[in-house]
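Read through the structure below, which is laid out as structure tokens, and then see the notes.
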Amino acid sequence: MLEGKIFEGKTTNEAIEKGLKELGISKEEAEIKIIENEDKRSFFNILTPRIVKVEIVNKKKEIEERKLRNKEKSEHIDFDKAIKNVKDFLDIWIKTIPSSKNIKFEVKVENGYVKIDINGEDLNYLIGHRGEVLNQLQIILSAIASKELEYKARVILNICGYKEKREKSLEELADKLEKTVIRTKKSITLEPMMAYERKIIHTKLQNSNKVTTTSIGEEPYRKIVISLK
């Protein structure tokens, strides 16, 4: 189990930046836990200078080791078998979907992932609210692709270009929230998001001179906080 280190600052962001700098890591390589938040002031200490404590776990080595393991595993995955598993399933499953004659799919291997693109008319119900159904389908297809394989095949599912549209909307949201935080001088906490969605927000705002982003909470309820620097 990785041990964390506690850093202090007058604000949460100051403590986080101090910790990341000392550990020499980025936010994506860290697990951040706010032990004492400057927003939680009591009536008796509101006039007293605050010391905010933040625990930061350096996950850089763990992330690098995981990437290496995934790379090694991907080199031993029978992608031909994984693709056949997916295609055999989709050939049958799609015929059960209304308007299945208009549905087409493509399965290929890219960067160590089995990428599945499904296109057709009126397939929003396969995407669901903010991709909830799509994400569950992706989990199912990952299990199907990995059937009778020694190592699990990682799957990326895209339906009617949803992920590109979602990425664009999240980038626009990030721009909008950045302006709101700057104007109001108040932090904004977003609703829980999947890891790849949080990464879009972090990446979009990583070069901002005015705001900073932090992920808090545990999966699957991990969310982003956008704050003034």
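Only residues that are part of a helix (DSSP H, G or I), more than 28 Å from residue 161 (Cβ to Cβ) and at pLDDT 75 or above: list them for the stretch 64-80, please.
none
Could you check, for the stretch 154-163, whether at least one of its residues is part of a loop (DSSP other than H, G, I, E, B) and in contact with a strand residue (DSSP E or B) (Cβ under 6 Å, 6 or more places away or on another chain)? Walk me through it before giving the result.
Going through the stretch 154-163, the residues part of a loop (DSSP other than H, G, I, E, B) turn out to be 154, 160-161.
Restricting the remaining residues to those that are in contact with a strand residue (DSSP E or B) (Cβ under 6 Å, 6 or more places away or on another chain) gives 154, 160.
Scanning the stretch 154-163 turns up at least one residue that is part of a loop (DSSP other than H, G, I, E, B) and in contact with a strand residue (DSSP E or B) (Cβ under 6 Å, 6 or more places away or on another chain).
Quick one: in the stretch 101-124, of everything that is closer than 14 Å to residue 159 by Cβ and in a helix (DSSP H, G or I), which residue is modelled with the highest pLDDT? Walk me through it before giving the result.
Filtering the stretch 101-124 for residues closer than 14 Å to residue 159 by Cβ gives 102-107, 115-124.
Narrowing further to those that are in a helix (DSSP H, G or I): 102, 124.
Details: 102: 83, 124: 90.
Applying the filter and picking the extreme gives 124.
I want to confirm something. Restricting to the stretch 101-123 and keeping residues that are surrounded by 12 or more Cβ atoms within 10 Å (Cβ to Cβ) and among the polar types (S, T, N, Q), which single residue is nearest to residue 195 (Cα to Cα)?
Step by step, filter the stretch 101-123, then rank; the result is 119.
Can you name every residue in the stretch 178-222 that is among the small types (Gly, Ala, Ser) and touching a Ser or Thr at 6+ places or on another chain (Cβ under 8 Å)?
Passing the criteria: only 187.
Kindly check whether there is at least one residue in the stretch 162-182 that is farther than 20 Å from residue 203 by Cβ and buried (at least 18 other Cβ atoms within 10 Å of the Cβ).
Looking through the stretch 162-182, none of the residues is farther than 20 Å from residue 203 by Cβ and buried (at least 18 other Cβ atoms within 10 Å of the Cβ).
Considering only residues that are among the small types (Gly, Ala, Ser), crowded, with 17+ Cβ neighbours inside 10 Å and over 15 Å from residue 107 (Cα atoms), which ones fall in the stretch 126-147? Steps first, answer last, please.
From the stretch 126-147, those among the small types (Gly, Ala, Ser) are 128, 131, 142-143, 145-146; that's our starting set.
Those still in the list that are crowded, with 17+ Cβ neighbours inside 10 Å too: 131, 142, 145-146.
Listed by number, the list holds a single entry, 131.
Rundown of residues vs (1) more than 29 Å from residue 78 (Cβ to Cβ); (2) assigned by TED's automatic domain parsing to the domain that holds residue 85; (3) out of contact with any Pro (no Cβ under 9 Å at 6 or more places or on another chain), yes/no style:
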| residue | (1), (2), (3) |
| --- | --- |
| 106 | no, yes, yes |
| 111 | no, yes, yes |
| 130 | yes, yes, yes |
| 137 | no, yes, yes |
| 151 | no, yes, yes |
| 171 | yes, no, yes |
| 176 | yes, no, yes |
| 190 | yes, no, yes |
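Tell me the residue from 86, 114, 109 that is closer than 13 Å to residue 144 by Cα and within 24 Å of the chain's Cα centre (by Cα), please. If you could, list the steps in order and put the result at the bottom.
Values: 86 fails: within 24 Å of the chain's Cα centre (by Cα); 109 fails: closer than 13 Å to residue 144 by Cα.
Of the residues listed, the single one that is closer than 13 Å to residue 144 by Cα and within 24 Å of the chain's Cα centre (by Cα) is 114.
One residue is enough: does the stretch 167-190 have a residue meeting the conditions farther than 30 Å from residue 12 by Cα, assigned to a strand (DSSP E or B) and among the polar types (S, T, N, Q)? Walk me through it before giving the result.
Taking the stretch 167-190 and keeping what is farther than 30 Å from residue 12 by Cα, we get none.
No, there is no match, as no residue in the stretch 167-190 is farther than 30 Å from residue 12 by Cα, assigned to a strand (DSSP E or B) and among the polar types (S, T, N, Q).
Looking for something closer than 30 Å to residue 124 by Cα, at pLDDT 80 or above, among the basic types (Lys, Arg) and assigned to a helix (DSSP H, G or I) - is there at least one such residue anywhere in the stretch 87-96?
The first filter runs over the stretch 87-96 and keeps only residues closer than 30 Å to residue 124 by Cα, leaving 87-96.
Checking the rest, the ones that are also at pLDDT 80 or above come to 87-96.
Adding the requirement that they be among the basic types (Lys, Arg) leaves 87, 95.
From the residues that got through so far, the ones that are assigned to a helix (DSSP H, G or I) too are 87, 95.
Yes - at least one qualifying residue is present in the stretch 87-96.
The values are calculated or read from the model by the stated rules, or taken from the named source; none is laboratory data. These numbers were taken from a predicted model, which means no experiment stands behind them. FYI the Cβ positions are ideal-geometry reconstructions off the backbone, even for glycines, and counts take in every protein chain you see.
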